[in-house]
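Q: So that we are looking at the same thing, I have put the structure below in structure tokens.
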Amino acid sequence: MKIHYALYDPATAKDGQYWTWLSSELKNAPLNKYYGDFAAKHLAPNPNDLIACDLWGGIVRLPTGDWTVVYRVLNGGDDKIGRPGRYVIITAWMKTSETLEQDLSSIFNSILFRSIAEHSTELPVPEPQPALLTEEMQFCRIPSAFTGEKTFTGTECVEKSVAAFAGIPSDGIESIHLKIEKTSMKQNAEIDIVVKQKPKPPEREKPAEPTVISPVNKPDGGKPKPPAPPNNNNMFYKLLLVCFLALVAAVVWHLYKPVLEQDNPDVAEIKRKIDTLSSDDIRKIREYAVSKLRGRIPPTPKQQPQNNPSPMPPPQLDEK
């Protein structure tokens, strides 16, 4: 079986990636997905407390790409500016179809894994020769089926959990994550299985049933509704319309009044006579109108023709 190696070191970036070295058969997309979805969620709380004989890591069967990853978290010492808490992750990648019923625990004791564990605190971690980043390995077959047990403790937790992992079928499984924490303080392993979700069949739409509301079920008990109050807004708009029409009529009359007076000779003559009245004539007309209202009409004043301003002399009688 072919195994491809890659190293993750957050204290050393190469071409914008923290995968400082990797096999030519590996791509950044599955590497980053593995780290974000699985490795980042299973980091040692204090990586500087890990020693060479501790095993903090696991096995992941990825949901896409037909990849199975065996990984181990190692003590990285300090970063470039002397801060503690640095860690490195050494990973081994294999095709999932080739790992079923195979004992993958021997990878934790492989030459490359043990070599990186001895130099994990160096900055950067020494890169192996390109020929060593991909190698062929043979594994023992585990002819056991998965019994459903997912938690293992004790000194044999690694062997038992790896055997259970190998016996899990791939049908209907989205991903599997075996978490191993074997140190001087704890010895346990746990398997997380994500089952594929079956697509739900589309639900048929039920025809809507007609709703019959009886008088008893009505909120008002079936009582007749009182008459609605008068809408004051309608009265306001009607009044506004009347005012607008009156304004339009006034404007039209103001525009066409001169035309009507010009076409009617009687109206024009009356207007001309009114314009020739003097203030004394207007006063006399006012007094006449007041006297008529009081029932006393004074004698009509004699007007002299305006064309002959000088009075005519009385006629001369012949003397005999």
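What follows draws every value from the coordinates through simple rules; no lab data is involved. These numbers come from a predicted model, not from an experiment. FYI the Cβ positions are ideal-geometry reconstructions off the backbone, even for glycines, and counts take in every protein chain you see.
Q: Taking amide hydrogens as modeled 1.01 Å from N in the peptide plane, which residues meet the under 5 Å criterion relative to Ser175, leaving out close sequence neighbours?
A: Val194
Q: Let me ask something additional. Applying a 10 Å radius around every beta-carbon, put 196-205, 156-165, 25-34 in order of their mean neighbour count, most first.
A: 156-165, 25-34, 196-205
Q: Let me ask something else. If neighbour count is taken as other Cβ atoms inside 10 Å, put Val194, Val125 in order from fewest to most.
A: Fewest to most other Cβ atoms nearby, the residues stand as Val194, Val125.
Q: Around Met1, under 14 Å between beta carbons, what's the net of Lys plus Arg minus Asp minus Glu among the other residues?
A: Taking every Cβ under 14 Å from that of Met1, the sum is -4.
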